[in-house]
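Have a look at the structure below, then the notes.
The values are calculated or read from the model by the stated rules, or taken from the named source; none is laboratory data. For clarity, every value in this text was computed on a predicted model and none was experimentally measured. Quick reminder, even Gly has a Cβ in these numbers, built from the backbone with ideal geometry, and neighbours come from all protein chains shown. These area figures cover heavy atoms from the full protein model, side chains too; ligands, DNA and RNA do not enter into them. Shrake-Rupley method; radii C 1.70, N 1.55, O 1.52, S 1.80 Å.
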Amino acid sequence: MSVDANAYHRLKAELDAQGVTLLAVSKTKPKEDIEALYQLGHRDFAENYVQELVEKQPLLPDDIRWHFIGHLQRNKVKYIASFCAMIQGVDSRSLLQEINKQAQKCGRVIDVLLQVHIASEETKFGLSNDEVFALLEQASLYPNVQIKGLMGMASFTDNTEQVRQEFLTLKSIFDRVNAQGPHNRLTVLSMGMSGDYRLAITCGSTMVRVGSLLFGARS
Ligand SMILES: *Cc1c(COP(=O)(O)O)cnc(C)c1O
């Protein structure tokens, strides 16, 4: 078994003490690893490929809360809309529209996070500051999605100061939205991974997405 129970309990206790949600990123890992963490009481798991998620989900307990954290193509929303607890990484209006449509077909309201582009790399997906505010203003057009918060991925760099600035940028957008009033109150700020979760928490993260620290390195 490649899940270290002591490491899990330590991390969970550290995050619980700070009111931060632990999302276990199980991508590329076999269902046995997910079951091992499930046996320890964990329920929040995340995947970033639709096909992999769709294959694993029926093999695992129904009370797992599955989060989708990858780049989601519109034509694939239909495969996960019936069971996905939260879709992070909503990076366009058209994707939000499609999630709303598929959620409606399933008679569900799906929680989502808007992904904000905070990294310096062009390759990372995400909305601009202005696009976030524009989408939130029109949230009532999408009654079958509930925008719970924001998600961001920092640059892939050893430059801690740069990563900190990127996290703080996301936190400031989050705070500005919430300062606007109760109509679009955001509660989830998803930022931080195995290598930078502590930094992310000092910058205001409420949910960290941790893979390799829990499951070991991915090949
Ligand atoms: C893979 C992944 C993670 C987890 O990365 P680790 O460094 O293994 O903790 C977090 N967020 C996203 C979006 C990912 O794709």
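Calculated on the alpha-carbon coordinates, the convex hull of the stretch 7-48 measures out at 67 cubic angstrom per residue. When you restrict to C-alpha pairs under 8 Å that are six or more residues apart and normalise by the size of the stretch 5-213, the relative contact order lands at 18 percent. Shown for the chain: lysine pairs separated by 8 or more places, or found on different chains, whose C-alpha atoms are under 15 Å apart, numbering 8. Rg over Rh of the stretch 104-156, using C-alpha atoms and the Kirkwood radius, what does it come to? Looking at the stretch 104-156, the ratio lands at 1.06.
Treating r as the C-beta distance of Leu40 and Ser219 and R0 as 25 Å, the FRET efficiency rounds to 0.60. The charge dipole of the stretch 1-148, taken about its Cα centre with unit charges on the Cβ of Lys, Arg, Asp and Glu (plus for the first two, minus for the last two), comes to roughly 440 debye. Rolling a 1.4 Å probe across the protein heavy atoms gives the stretch 5-213 an accessible surface of 47 Å² per residue. Annotation for Arg108 and Thr123: the two label points, set 7 Å from Cα along the Cα-Cβ direction, are 3.1 nm apart.
If I compute solvent accessible area with a 1.4 Å probe over the protein chains, what percent of it on the stretch 5-213 is carbon and sulfur? Within the stretch 5-213, the accessible surface is 49 percent carbon and sulfur. Potential lengthening of the chain between Asp16 and Asn178 amounts to 56.0 nm, from the contour at 0.36 nm per residue minus the alpha-carbon distance.
The charge dipole of the stretch 66-191, taken about the Cα centre with unit charges on the Cβ atoms of Lys, Arg (+1) and Asp, Glu (-1), comes to about 660 debye, rounded to the nearest 20.
Quote the Stokes-Einstein diffusion coefficient, in whole µm² s⁻¹, for the stretch 38-85, based on the Kirkwood radius over alpha carbon pairs, a temperature of 10 °C and a viscosity of 1.306 mPa s. For these conditions, the coefficient is 143 µm²/s. The equivalent ellipsoid of the stretch 5-213 has semi-axes of 24, 23, 15 Å, largest first, where each one is the square root of 5 times an eigenvalue of the Cα gyration tensor. The slack in the chain from Arg185 to Phe156, taken as 0.36 nm per residue of separation less the alpha-carbon distance, amounts to 7.5 nm. Gain on full extension, evaluated as 0.36 nm per residue between Thr202 and Leu168 minus their Cα-Cα distance, stands at 11.3 nm. Its residue count N sets the reference 2.2 N^0.38 Å, and the alpha-carbon radius of gyration of the stretch 70-131 equals 1.14 times that reference.
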